[in-house]
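Peer 1: Questions regarding the structure given below will be posed in turn.
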Amino acid sequence: MPTTLRGARVVLRPTTPSDVPALAAIRAKPEVYARWRGGADLVAAVREDLAEPGGEHLTIEYEGAVIGMIQWSAEADPDYRHASIDIYLDPAVHGRGLGTDAVRTLARHLIDDLGHHRIVIDPAADNAAAIRCYRKVGFRPVGVMRSYERGPDGTWHDGLLMDLLAEEVTQGP
């Protein structure tokens, strides 16, 4: 059973079906939709995300309101074991350190409670705000993944692979 995690300012709790409308509304905001997309029916897109096997989804709350979602999955092969994280946050709360708090909180859980020694994240190479956020937690660039994802316009865009080793997690507030 997934655990509720408390950061310095955010709460990460298991996502429930009642969160879907709020998460779909966040996904519909142009800044989020440009990165996450999901077609015309974002309620269905969020439900599909939640149904994907192997992923854990946590709703991000700030002051009692749903402000986004953070998800993680793990590589089970013991010789390659690591976790990966992905996140989206309501643009209305960008720039307040809430994304950094959410990523740091989940990273600490994955390392301290679940025993992961390495975590990866793969923002779009041109997503400077996300990259700054992840660096604040301690993630370091590994390399550019050329033509990594197809954009809404059909062209391919680069991604940045970043990783974090257990001993590199910053303390934060």
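The values are calculated or read from the model by the stated rules, or taken from the named source; none is laboratory data. Keep in mind it's a predicted model, so treat the numbers as computed, not measured. Note that each Cβ is placed from the backbone with ideal geometry, even for glycine, and that neighbours are counted across all protein chains shown. Protein only, heavy atoms only, side chains kept; ligands, DNA and RNA dropped before computing areas. Shrake-Rupley method; radii C 1.70, N 1.55, O 1.52, S 1.80 Å.
Peer 1: Heavy-atom accessible area per residue, the range 34-131, 1.4 Å probe: how many Å²? Please list the in-between numbers first.
Peer 2: Values: 4610 Å² over 98 residues.
It amounts to 47 Å² per residue over the range 34-131.
Peer 1: Using only the alpha carbons of the chain, what is the convex hull's orientation-averaged projected area in square nanometres?
Peer 2: Details: hull surface 39.8 nm².
With the hull built on Cα positions only, its mean projection is 10.0 nm².
Peer 1: Given Cα pairs under 8 Å that are at least 6 residues apart, what percent is the relative contact order of the chain? Write out the running numbers ahead of the final one.
Peer 2: Details: 296 pairs, mean separation 31.9, N = 173.
In percent, rounded to a whole number, it is 18.
Peer 1: In bins 10 Å wide, starting from 0, what share of all Cα pairs of the range 61-103 does each bin hold, as a percent?
Peer 2: All Cα pairs, binned at 10 Å, distribute as 24, 42, 21, 12, 0 percent.
Peer 1: Further question on the same structure: Once you list every other residue whose beta carbon is under 12 Å from the beta carbon of residue 156, what net charge do they have if Lys and Arg are +1 and Asp and Glu are -1?
Peer 2: Values: positive: 146, 150; negative: 149, 153, 158.
Charge balance near residue 156 sits at -1.
Peer 1: Here is a follow-up. Quick check: at a probe of 1.4 Å, how many percent of the accessible area of the chain sits on carbon and sulfur atoms?
Peer 2: Details: 4670 of 9170 Å².
Roughly 51 percent of what the probe reaches on the chain is carbon or sulfur.
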